[in-house]
Every structure is written in structure tokens, then in C-alpha cells.
1. If you compute Cα extents along the principal axes in Å for the structure shown, which of (i) 53, 49, 36; (ii) 77, 38, 37; (iii) 62, 50, 31 do you land on?
2. Could you compute the FRET efficiency for residue 98 and residue 325, with r as their C-beta to C-beta distance and R0 at 30 Å, rounded to 0.05?
3. Determine, for 297, 227, 235, the number of other Cβ atoms within 10 Å of each Cβ, and report the residues in order from fewest to most.
4. Residues of the range 275-314 with backbone nitrogen within less than 17 Å of a virtual label 7 Å along the Cα-to-Cβ line of residue 69, please, listed as ranges.
5. Once both labels are modelled 7 Å past Cα along the beta-carbon direction, what's the residue 315-residue 90 spacing in nm?
6. Report for the range 125-294 the percent antiparallel among DSSP-assigned beta bridges with both residues inside it, nearest 5.
7. Gain in length, residue 213 to residue 281, computed as 0.36 nm per residue apart minus the alpha-carbon separation, to one decimal in nm?
8. Consider a paramagnetic label point 7 Å from the Cα of residue 119 along Cα→Cβ; state which residues of the range 1-43 have an amide N under 17 Å from it.
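Readers should treat all values here as calculations from the given coordinates under stated rules, not as data from a laboratory. Just so we're clear, the structure is a prediction, and the values are computed from it rather than from any experiment. Every residue, glycine as well, gets a Cβ built from its backbone with ideal geometry; the counts of neighbours run over all protein chains shown.
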């Protein structure tokens, strides 16, 4: 039994898992940020302080276990908001000391990758993972458990941030990704030809700042009334431009490294167009696409616990002097002559 805790941004989450089962996965999303159109770090930290003990208790009750049944602890220690991360890490340190059990700090992005392994799911190695969230857009070659190589990443803004910022420009509520996805389903994706940055660069990097600017310029050009009338079409056109680059580069990476399996990770992995387009294009090259369940796409503690389980199995726990790292990068394995 592993207890996981996630407090990297605006979700307070706790989960109890075993290698093959998720017994509980409690998530408390902070509504306080809606009025600001984005996450306010200080408010997020305060909300975590208020919520973390009740959420952990709820996770234990739902799993029908006691703290004495827990054999290991996993907690996000980066990347994320420094104040938010400290709340979770310090709480878990206290539990580790009181219960005399090991704790392990988990990279938040690793957690998203390991969401694909929850509930006993097995994925053949190596595989390509497209990490798409509010803070990250990466193509990662996963050679084995805890062995990663970043093939490409965003040079500026993450795709999830682009969705949220465009939604804000359009006057849609936060978080913007699900709003755009819903409206785009009723729109014409060919209404506006937005730019696809770095699509034909021959590299696996991304850039979304130019796409955001293009949407803003087009909306200013159209005017408020026409924009409101064409809202669904604008959403559909933006979403098509954003998703096309993700799909094309991911499949290109899989073919280049002769990998047969593709996984997705992060909040944007729940996007309906991305799932459909990736599946269709991958099938043309006889590639297998694996999606995490929708409930594990957004930030949650079950994914942190699952990644932590691999660390506890292989490396044991961390010392109590473990710190948070707001800009923590995914650890990469050493490249050998065959890479």
C-alpha cells in the first residue's frame, strides 16, 4: 500500500494504491482561481494548507485502510509552484517520520507518464510518450521504467497554457481547455488557417506563443460582434492548429526511433480531437496508441503514487532533507552509442 500526495498547483490530491489497484484517488480542485482567470500562487498554497489533512483522511477512509497499513509514501517535489509543493512535501515528511516508513519525491511529469500504468496496465518498452499539460509539452522516449530521453519540448509556451490563454481572450471561463474542446465540436476547423509553428522543421520541438498571438490578432481584426457569432469556428480552427503539430511530431518521433507504442500524458491528453486524430494517424502506420483514463489525465495523486512505487522498488526512499524544485526537469538516462 502506497500513499501518494499531489500539491504542485491548484489540486490537492491524495491516493492509496497497490501495484495493481487504485483503492482511492481524492482530488479537491480549487475554485478560488476562477475569478482571476488563472492560478494565484499564494491562494493555492493557503488552500492546500486547509485541505491536505481532510483530503488524506478521505483517501484513507475510501480505501478502507489505516495509516499503519501504509508501507511507503510518494509526494510531488517538482516542478510546480514552490509554496504549493512545500505544503505537500512537509506534510509527507511528517508522516514518514511519525510512521517510520520511506518517502520518495516524484517528478510531476513522471507522474503523468505513470498514469498510463495505473490499475495494473502493462505497456511494452520502449514507447513514446507525448506529455501535454498547462506547463509542459514534450515528446519523451521511455526506454524502461524510470529511464527517459526528452526528444523535443516547447521552446516557449506549453500547449495547455495556449488553450487557457486563448480561452481567456475569447471570454471563456477558466480552465479553458475543456471549454474550447466542447465549442470546437460544433465549429468549422477550416474557418481560419492559423499557423503551425515548427511543423516542418524536422525536429521534435514545439512553439505555441505565435499561435496565441495569431488568435489575438485575428479576434481584434474581426471585432467583438463577429467574434461572438463565429466563436465555435474560432475554437475549432485554433484547436486544429494546436493538435495537428502534436500528432504529426509524435508519430514522426515514433517512426524515427522505430517504436510501436505511443502513450499520452497530462491534462490536454483528455482533448477529444487529440485522441481521435492521434488514433487515426497512428493506425495508418500500424502504431498502437494508449490513453490514460480521463480521470487520470489531470493532476492527481494516484499517478504520483504509481511512479513513486517504482522508485521505492528500485532505489528505496529519499532522506528527510529532500527539498522542492519548482523547475525540476525530467531525469534523463545516459545516452549510449546505440541511441
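1. (iii)
2. After rounding, the FRET efficiency stands at 0.75.
3. 227, 297, 235
4. 302
5. Those two pseudo-labels are separated by 2.5 nm.
6. Antiparallel bridges make up about 60 percent of those DSSP assigns within the range 125-294.
7. Extending this stretch completely gives an extra 21.7 nm.
8. Residues passing the 17 Å test: 15-27.
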